[in-house]
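Everything below concerns the one structure shown next.
The values are calculated or read from the model by the stated rules, or taken from the named source; none is laboratory data. Given the structure is predicted, the values throughout are model-derived calculations rather than measurements. Note that we place each Cβ from the backbone using ideal geometry, even for glycine, and neighbour counts take in every protein chain shown. Remember, those area values only see protein heavy atoms, side chains included, never the ligands or the DNA or RNA. Shrake-Rupley method; radii C 1.70, N 1.55, O 1.52, S 1.80 Å.
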Amino acid sequence: MKNEMKMEFDAISANESFARVAVAAFVSELDPTLEEISDIKTAVSEAVTNAVIHGYDGIEGGKVKLQCRLDKDVVHIEISDEGRGIEDVEKAMEPLFTTKPELNRSGMGFPFMEAFMDDLEVISGPGEGTTVLMKKKIGCIPWIEDEE
């Protein structure tokens, strides 16, 4: 089974919840668990929030692009902006690193995305915008070690 959707919306905070719900609805055909849906929604929320707050940083008229693709039991999510970009992606992905401490940003956006998804890739450069690529396998039962 393969299915794909694309959307574009204004880079405003109100659209973060819209993106979460849209992705959750799209993924529902794979019959994910509540935990899987929660993980996906959290990762999408963090990526969209980063685009709004860091990518556009108050620049009006910015757009966030969201693409999802289902490929068998794997969901592929791409969230991109054409904003300021990230100077040092490796540094930005470190836990607790934030460029907006005055906004009470925890610096845990990328670490949360990394923890809740199976794969995370961030492509960015100053003035080039940012693209966040995430993958998650649905229906994956974690291996449990037998206790002896």
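Within region 111-119, is even one residue in a strand (DSSP E or B), of a type outside the set (A, V, I, L, M, F, W, C), within 30 Å of K72 (Cα to Cα) and modelled with pLDDT of 85 or more? Yes: region 111-119 contains one or more residues that are in a strand (DSSP E or B), of a type outside the set (A, V, I, L, M, F, W, C), within 30 Å of K72 (Cα to Cα) and modelled with pLDDT of 85 or more.
In region 74-103, which residue that is assigned to a loop (DSSP other than H, G, I, E, B), closer than 20 Å to A11 by Cβ and open to solvent by 40 Å² or more (accessible area, probe 1.4 Å) is modelled with the lowest pLDDT?
T99
The set of residues in region 6-53 being under 18 Å from T131 (Cβ atoms), part of a helix (DSSP H, G or I) and open to solvent by 60 Å² or more (accessible area, probe 1.4 Å) is empty.
Looking only at region 1-60, residues that are without any contact (Cβ under 8 Å) to a residue 40 or more places away in the chain, over 19 Å from M113 (Cα atoms) and among the acidic types (D, E) come to 2 in all. Filtered by the rule that a residue be part of a loop (DSSP other than H, G, I, E, B) and either open to solvent by less than 50 Å² (accessible area, probe 1.4 Å) or closer than 18 Å to E128 by Cβ (or both), region 54-73 gives D57, I59, G61, G62. In this structure, is M108 touching a helix residue (DSSP H, G or I) at 6+ places or on another chain (Cβ under 9 Å), at pLDDT below 90 and under 21 Å from V21 (Cα atoms)? Spelling it out, it is not the case that M108 is touching a helix residue (DSSP H, G or I) at 6+ places or on another chain (Cβ under 9 Å), at pLDDT below 90 and under 21 Å from V21 (Cα atoms).
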